[in-house]
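The next block holds one structure in the form of structure tokens; read it before the comments.
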Amino acid sequence: CHAAAGWGGQGMAALWAWQRRKLRWGALLAVVALCTRSEVVADLSFFSEDDLVTVVDKKAVHQEVLGASQPYVVGVFSGEESECPSCAQYAGEFRKAAKYLAGYGVKAVAVDCSKSLPKCGGATTALQVTQIPDMKGFVSEPSLNPYTRKMTRDPIHGATFPTLRAFQKAVLNAMPSELLPRQETSSFPPETQGNALVLLFTDRETTSPLYKALALHFKGRLAFAEVHSSQEDLVQKFDVQAFPTMLVATVGADGGLDGGAQTYEGDLKKWLDMTEFLSGHASEEASSASGTPGSSDGERSSSSRSDSAAGVPLVLTDESFAATVLKAKDAWLVLYKSTAGEKTHGEWTKLAGKTDGFIEKAEVHCDVTPSLCDGDTPHVKVFPYGEEEKEDVMAIDRFSPKSSSDAYTAAAQSLPDHTKMVNPVTLETTLVQSLESQKVTLLLLSNKEEPPTMLKSLALALDGAADVGFFPSPDAEVLQRFQVPRVPMFVIMFVHDDAEKGAPPTSPQDLPPDALQFGVRHFDPAMYGRPSFDSVFAFTLATAQALFPESAQATRQQAQATASASQRGEAAKGEIPEVTPENWESLCPSSSSTLCAIGFFSGGKDSDQFAEEMAVLRSVKAAHTSDPYVFMWADGSCRIQFADSFDVQPNKLPTVVAFSPKKQRFASFVGVYRVDAVNDLLNGVLSGRVKTTPLFQASMPDEVDCAAIAAAAAAQTSAEDSLAEDEDMGDLMAEILAEEERRKKELEDEAAREVAALKKAKEDAEAKAKQDAAAAAAKKKKSKKGKKKGKKKGKQKSGGEL
């Protein structure tokens, strides 16, 4: 594709393979884009030939990883050797982890931070990365951060484990369990919410990580349970001959088994074989309900992605209800329950798993927030799309939880329908209109006659970057020409010229009639996960970015705008202001949901430490431009009562406090006042890792003249220094003399010890010499006596013979 030729500058590692035909329906053939994983982002050559590692842009972190229920292992790298000399070597370890964990359904993503450190577009903050290269595991369910209104997940930090194997084991152990309780004959079969039941017959007492991973992978599409070998009735019922054995059974509406069970005959250690077998039994209803988001480009202006989209219900409060529901364009389905523990109807449970873009789900617990409740519970209220529509009380419909599907239909009907109906006759016109508007065309080919709600949401979200069309009931010829093996299928189509150019033409008039060509790119589940609002949105915006970057950028900026961004105030844009009694309320309004980052310095602007302490705070502010913080500073040595309200005393200066004025809670900084440590505090507050405490007392800056106090303190210090100078000098001389006396005594003692040692050594030597002399004399005397006795015996012998 000639349009793709210019993508190299965008970091495309491989170009699409294209075939071309003229845009005449009688002889129409699609030009198919076959995209490799490395097209996502470019220059991490460590993974250019690795099928297990997907390289993503830093902007894709929120929806690719943090907003998904899919388990991920994430590596953060830079392709620039000057930024990260050890990244190439570390990539080998990450590749090993990716290969091992892929056998448990864990996807591997490498985030490319080349030429964008240290912030990496906010990715390092979101992933809680303090240095690169780094490795994290994300297996927990996402939750909504109340401050950023973005999804977040608790990471497993690879750097905290002594070996790669220990990290891998921790990732698997942390996987949430989606298993039903172990089955017993007396309570079998279990409730499966209409899904097929997967049973693993085992003689183990614990659940294997692989089976937990399968249950998580097919969450909402299959029900998983275990049967211990001791349950002989169930073992015989399913004719199980060996352990372990995995089979699939169907539970009917009456609670009994429908038909027989199908046993898996393959290897129980091979992930791909097992997932292929189970996919044939999995429910299709949830295929668009729990997809894996593909990119942070999926963040929308409402910034109110429900936790329910990830299986975790979003619970509304008095403080959050108006901003979240009434002041948002999204349509909302809100379940009102008497308590959090009240049993939820199965129809609502099924509905809560759907993510159709502009239809959000939440709960209200009436025992906690009675002011939001009226009438009997439980019930479901539908708040239609648009802010003005929500102001009309008569437009708020109410349904019983068992009619949740009707509530969903009512919410869907409130969405504006900007989709286009496409057929073989109107296709060319649609593509040309998209080209004139600098857009691509997203098409859903389906056997159904009406577009689904998710497509309507996509049309709203992609406005400006793509036209969204619905192609109903395509015939076999159409499918063959588009090389679409099955429906439903999402494809992106776009017009391009047949000349050797690096970008598509600006208008159809630039092309001769016989040169009008079009390209097609298929949605790839291997890259983006199952089709969902988030994954299809990311797929479309990534393609639009390559072809029409200006249009895509405008849509991306709109998608990434959040309510909190508009509330940060002018103080976050310029110099960091000083807190005074006059500006405190305007800098940190008590009604604001924005967080206040207050630097308490050890002095004012004239202090020797001010420049250094302010430099740290400025660097921290630069790292949090995309976070809901307003930065300010206060003289902690002057505004003592103000500092004390945040548990900051003079001995703790300098320091930083993160303060929520609306909730009147704060988190104190403990440690050395450095950029990385302060960043860790602010990131920890956003992620929920750092706990906050209630304010001790009213936080109002002291009504004092800090400049006058500083000047008086400086004068007093100077006078005291002058008066104490002589005394200090005397003390110094006394210390010197005492030190000399002590040293002299030490030398004398050391000399005395040496003399005593020498004297003792001399005495010991003399004593030994005397002992040796006495021993030698005794030996000599004994020797002489022996000789005399020998001579006498000789004389006696000679006389006898004569």
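Throughout, read-outs are computed from the coordinates displayed, never taken from laboratory work. The model shown is predicted, which means the values in this text are computed figures rather than measured ones. Heads up, the Cβs are rebuilt from the backbone with ideal geometry, glycines too, and the neighbour counts pull from every protein chain shown.
Okay, here's what the table says:
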read-out: Distance cut-off 20 Å, percentage of C-alpha pairs in segment 68-166 lying past it; value: 38 percent
read-out: Positive dipole terminus of segment 107-229, leading residue within His217, His228, Leu144 (C-beta point charges); value: Leu144
read-out: Out-of-range pairs (alpha-carbon distance over 19 Å; input Lys107/Lys269; Lys58/Lys691; Lys621/Lys663; Lys150/Lys219); value: Lys58/Lys691; Lys621/Lys663; Lys150/Lys219
read-out: HN-Hα J in Hz across segment 749-760 - Karplus 6.51, -1.76, 1.60, θ = phi - 60°, x for Gly and Pro; value: 4, 5, 5, 4, 5, 5, 4, 4, 5, 5, 4, 5
read-out: Theoretical gain in end-to-end length, Glu276 to Thr580 [0.36 nm per residue, Cα-Cα removed]; value: 102.9 nm
read-out: Listed residue (Leu653, Thr625, Gly603) projecting farthest to the positive dipole end of segment 603-679, Cβ model; value: Thr625
read-out: Estimated vicinal HN-Hα couplings, Hz - segment 321-328 in sequence order (Karplus 6.51, -1.76, 1.60; Gly, Pro = x); value: 5, 5, 5, 7, 9, 6, 9, 10
read-out: Cα-centred dipole magnitude for segment 574-636, charges only on beta-carbon of K, R (+1) and D, E (-1), debye, nearest 20; value: 240 debye
read-out: Dipole magnitude (debye, nearest 20) for segment 67-209, charges at Cβ of Lys, Arg, Asp, Glu; value: 220 debye
read-out: Karplus 3J(HN,Hα) series, Hz, for segment 459-469 with 6.51 cos²θ - 1.76 cosθ + 1.60 (x for Gly, Pro); value: 4, 5, 6, 8, 4, x, 10, 8, 8, 10, x
read-out: Net +/- balance of residues flanking Val484 in space, Cβ distance below 14 Å, scoring K and R +1, D and E -1; value: 0
read-out: Amide H contacts of Val520 (H built 1.01 Å from N, under 5 Å, at least 5 apart or other chain); value: Val31, Val32, Ala33
read-out: Relative contact order (percent, whole number), segment 37-148, Cα cutoff 8 Å, 6+ residue spacing; value: 37 percent
read-out: Where a label projected 7 Å from the Cα of Thr160 along Cα→Cβ would reach, residues of segment 105-126 with amide N under 19 Å; value: 124-126
read-out: Ranked by how many other beta carbons lie within 10 Å on average, peptides 118-129, 74-85, 761-772 from highest; value: 118-129, 74-85, 761-772
read-out: Amide H contacts under 5 Å for Ser140, placed H, 5+ residues apart; value: Asp154
read-out: Only Lys, Arg (+1) and Asp, Glu (-1) charged, at Cβ; segment 183-238 dipole about Cα centre in debye; value: 360 debye
read-out: Cβ-defined net charge surrounding Ser590, 14 Å radius [Lys, Arg +1; Asp, Glu -1]; value: +1
